[in-house]
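Asks: There's a structure below that I have some questions on.
The values are calculated or read from the model by the stated rules, or taken from the named source; none is laboratory data. Just so you know, these numbers come straight off a predicted model, no measurement behind them. Virtual Cβ from ideal backbone geometry, glycine too; neighbours counted across all protein chains shown. To get the accessible areas, we keep the full protein, side chains included, count just its heavy atoms, and leave off ligands, DNA and RNA. Shrake-Rupley method; radii C 1.70, N 1.55, O 1.52, S 1.80 Å.
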Amino acid sequence: MLCTMQPPRSLSRFPSNPIFLLRHHTSLKTLSSLSSHPVTDSTLTGQSQSHSSQILKARHALLSRQLTATQLAESFLTRLRLTEPSLRSFLHVSDTVLRQAQDLDDRIGRNEEVGPLAGVLVAVKDNICTSDMPSTGGSRVLEGYRPPFDATAVRKIKELGGIVVGKTNLDEFGMGSTTEASAFQVTANPWDISRVPGGSSGGSAAAVSARQCMVSLGSDTGGSVRQPASFCGVVGLKPTYGRVSRFGLMAYASSLDVIGCFGSAVADAGFLLHAISGHDTLDATSSKQEVPDFTSHFTSINLLESKPLKGLRIGLIRETLDEGVDTGVTTAIRGAASHLEELGCSVSEVSLPSFSLGLPAYYILASSESSSNLSRYDGVRYGNQVAADELNALYGDSRANGFGHEVKMRILMGTYALSAGYYDAYYKRAQQVRTIIQKSFKAALDEHDILISPASPSAAYKIGEKKNDPLAMYAGDIMTVNVNLAGLPALVLPCGFVEGGPVGLPVGIQMIGAAFDEGKLLKVGHIFEQTLKDCRFVPPVIDDDIDVAS
């Protein structure tokens, strides 16, 4: 499949050198084993890198001593400083990045063991707790709050050598699809700064797209990783519910929330997921399912067979290409389906009659859970306190001043749905619909290995275009919410462009798998992106004349 909407663009970040050429395949286990030996130029002889992986490029550069961790960190911080005034991806940037990088350089200089994420700059969505930086959830009610602990996912990244570069912007407490509902600032899309980056993890997606960091963490309750990934032209991975610990993630809708991963390549999303997955005694909903090596099947394009996905059964969800989906998006998805057929897949349309029921059921369930979860922000247990003469006024004023309009609206909707006389009509019925959706996905995945659909009905739209029309904004989540209701994993990666902006706007394809089958999604996605010809997803906000590795 050829992508001709946008000419190829180069991104100069690492010095040109044959050492970065890909010949074989590697895994996180291989990376980890490298760190137990003295670091020399020959350490990586015979090893290889996955296609376009920022993580593997960085590790190779460090262990071969072509670059220092400090040089890498400075290059990304330079990029961040240049692009941040127009993008506003970050709410807080760490002031210890260079110090951590220098500590890593010292360890490498002493030939000490370093972790598989050593030197990797990771951005973290600001509803995921970090002990050394503010964690506001994008809300005034938590302005200035510094948790006394790291979220489990953040702790695991740090233990493996990753460096948290900063906290990214989001819709307040994850409630929104544009990042316009942040209490602090509006993030812009790197492909066109007059457009939204998606939401609620818009800051994390924009940061990866603009190469302000290597990878990032987001959260996904109804599509908050996948829709921004599509809008910003990056890879977004929503794992199976329970695959990643939710400890330290500020609760929005506890039965739907998951922590997800962003990367500029499928391999990077896979490496990051591998790092943060696993059972956690601090989260009763985290699964004890064994964590496989998700990256063991990442193979260079040079080693692929002519039909590398022969025999794979793909189901194109018919309802996701109906009326209401932009023509350009439909064309891009059908083109991606044709490309999968070229790779050996058998692609057929599959009908999920319950698909349209997911949107109303999701908003009832998510709003109901949020009305309960956000009750803790009362100015006493959590949240900034407003002075008052009596307790009820303190509660009311603290919440009224701390919460934004969207959060207040969803709390009211959820409280109404749970109230006496309405519970059966709304909440109970939505739970019944959820069961129907789960059964329909299971039936479809019994007949197909992977289901595909657009990640959003449209490409990124203008800032302010839907801010005053919440129903239109909610409708944009129709492609993603069903996956959360079913608790399934899904991968979004760019597959083409539609007209708009300076050079076109990216479109993402969503691949949905069976529970705990992230490995299959990553394998298919990795092959898909390697074989997508003449299609480079590098946004125009990046100035190619700047060598951020210098």
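Asks: The conditions are (1) open to solvent by 80 Å² or more (accessible area, probe 1.4 Å); (2) over 20 Å from Phe528 (Cβ atoms); (3) touching a helix residue (DSSP H, G or I) at 6+ places or on another chain (Cβ under 7 Å), and Arg318 fails exactly one of them. Which is it?
Replies: (3)
Asks: Please enumerate the residues belonging to region 446-485 that are open to solvent by 20 Å² or more (accessible area, probe 1.4 Å), assigned to a loop (DSSP other than H, G, I, E, B) and under 22 Å from Arg429 (Cα atoms).
Replies: Once the filter is applied, which keeps residues that are open to solvent by 20 Å² or more (accessible area, probe 1.4 Å), assigned to a loop (DSSP other than H, G, I, E, B) and under 22 Å from Arg429 (Cα atoms), region 446-485 yields only Ile478.
Asks: Something else now. Would you mind stating whether Lys158 is free of Cβ contacts under 8 Å to residues at least 24 places away in the same chain and either open to solvent by 10 Å² or more (accessible area, probe 1.4 Å) or assigned to a strand (DSSP E or B) (or both)?
Replies: So Lys158 passes the test.
Asks: Identify, by number, the condition in (1) over 23 Å from the mean Cα position of the chain (by Cα); (2) at pLDDT 95 or above that Ala420 doesn't meet.
Replies: The number of the failed condition is (2).
Asks: Let me ask another. Among Ser296, Ser277, Ser306, which is touching a residue at least 60 places away in the same chain (Cβ under 8 Å) and of a type outside the set (A, V, I, L, M)? Walk me through it before giving the result.
Replies: On the way: Ser277 fails: touching a residue at least 60 places away in the same chain (Cβ under 8 Å); Ser306 fails: touching a residue at least 60 places away in the same chain (Cβ under 8 Å).
Unique residue meeting the criteria: Ser296.
Asks: Next question, about the same structure. Among all residue pairs at least 6 apart or on different chains, which show Cβ distances below 9 Å where the first residue, located in region 116-139, is on the phi > 0 side of the Ramachandran plot and the second is among the charged types (D, E, K, R) and open to solvent by 10 Å² or more (accessible area, probe 1.4 Å)?
Replies: Close Cβ pairs (under 9 Å, with a partner that is among the charged types (D, E, K, R) and open to solvent by 10 Å² or more (accessible area, probe 1.4 Å)) amount to Gly119/Asp105.
Asks: List the number of the failed condition for Glu290; all other conditions in (1) part of a loop (DSSP other than H, G, I, E, B); (2) under 30 Å from Leu121 (Cβ atoms); (3) in contact (Cβ under 8 Å) with a residue 60 or more places away in the chain; (4) not small (Gly, Ala, Ser) hold.
Replies: In the conditions (1) part of a loop (DSSP other than H, G, I, E, B); (2) under 30 Å from Leu121 (Cβ atoms); (3) in contact (Cβ under 8 Å) with a residue 60 or more places away in the chain; (4) not small (Gly, Ala, Ser), Glu290 misses (3) alone.
Asks: Could you list, in sequence order, the residues of region 259-314 that are farther than 28 Å from Ser346 by Cα, surrounded by fewer than 23 Cβ atoms within 10 Å (Cβ to Cβ) and aliphatic (A, V, I, L, M)?
Replies: Once the filter is applied, which keeps residues that are farther than 28 Å from Ser346 by Cα, surrounded by fewer than 23 Cβ atoms within 10 Å (Cβ to Cβ) and aliphatic (A, V, I, L, M), region 259-314 yields Leu282, Ala284, Val291.
Asks: Search region 397-411 for residues that are in contact (Cβ under 8 Å) with a residue 24 or more places away in the chain and among the charged types (D, E, K, R) and pair each with any residue that is in a helix (DSSP H, G or I) and open to solvent by 60 Å² or more (accessible area, probe 1.4 Å) when their beta-carbon atoms are under 9 Å apart and the residues are at least 6 apart or on different chains.
Replies: Here the result reads Arg399/Lys408, each pair linking region 397-411 to a residue that is in a helix (DSSP H, G or I) and open to solvent by 60 Å² or more (accessible area, probe 1.4 Å).
Asks: Please find, within region 136-155, the residue that is farthest from Asn468 (Cα to Cα) out of those that are open to solvent by less than 30 Å² (accessible area, probe 1.4 Å) and not hydrophobic (A, V, I, L, M, F, W, C).
Replies: Per the stated criteria, the residue is Thr152.
Asks: Identify all residues within region 241-276 that are among the aliphatic types (A, V, I, L, M) and under 30 Å from Thr531 (Cβ atoms); write none if there are none.
Replies: If the condition is that a residue be among the aliphatic types (A, V, I, L, M) and under 30 Å from Thr531 (Cβ atoms), then Val244, Val258, Ile259, Ala265, Val266, Ala267, Ala269, Leu272, Leu273, Ala275, Ile276 are the ones that fit.
Asks: While we're looking at this one, here's another question. Only helices (runs of 4 or more DSSP H) wholly contained in region 51-135 count here; list those with 2 or more residues that are among the β-branched types (Val, Ile, Thr) and open to solvent by 20 Å² or more (accessible area, probe 1.4 Å).
Replies: The helices (runs of 4 or more DSSP H) meeting that bar are 69-87.
Asks: I need every pair where a residue in region 493-516 that is more than 20 Å from Asp449 (Cα to Cα) and open to solvent by less than 10 Å² (accessible area, probe 1.4 Å) has its Cβ under 6 Å from the Cβ of a residue that is of a type in the set (S, T, N, Q) and part of a loop (DSSP other than H, G, I, E, B), sequence separation at least 6 or different chains.
Replies: Gly504/Gln6
Asks: Now for a separate question. Which residues, counting only those in region 278-324, are over 26 Å from Gly260 (Cα atoms) and small (Gly, Ala, Ser)?
Replies: Ser306, Gly311, Gly324 - these are the residues of region 278-324 that are over 26 Å from Gly260 (Cα atoms) and small (Gly, Ala, Ser).
To keep it simple, each residue is scored yes or no on (1) among the small types (Gly, Ala, Ser); (2) over 30 Å from Leu445 (Cα atoms); (3) modelled with pLDDT under 95; (4) in contact with a His (Cβ under 7 Å, 6 or more places away or on another chain).
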residue: Gly324; (1), (2), (3), (4): yes, no, yes, no
residue: Gly335; (1), (2), (3), (4): yes, no, no, no
residue: Glu341; (1), (2), (3), (4): no, no, no, no
residue: Val350; (1), (2), (3), (4): no, no, no, yes
residue: Leu357; (1), (2), (3), (4): no, no, no, no
residue: Tyr363; (1), (2), (3), (4): no, no, no, no
residue: Asn373; (1), (2), (3), (4): no, yes, no, no
residue: Asn384; (1), (2), (3), (4): no, yes, no, no
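Asks: Out of all the residues in region 413-422, which are open to solvent by 30 Å² or more (accessible area, probe 1.4 Å) and either assigned to a loop (DSSP other than H, G, I, E, B) or in contact (Cβ under 8 Å) with a residue 24 or more places away in the chain (or both)?
Replies: Passing the criteria: Met413, Thr415, Leu418, Ser419, Ala420, Gly421, Tyr422.
Asks: Can you work out which of the residues in region 387-412 that are assigned to a helix (DSSP H, G or I) and more than 34 Å from the chain's Cα centre (by Cα) is surrounded by the fewest Cβ atoms within 10 Å (Cβ to Cβ)?
Replies: Of everything passing the filter in region 387-412, Asn392 is surrounded by the fewest Cβ atoms within 10 Å (Cβ to Cβ).
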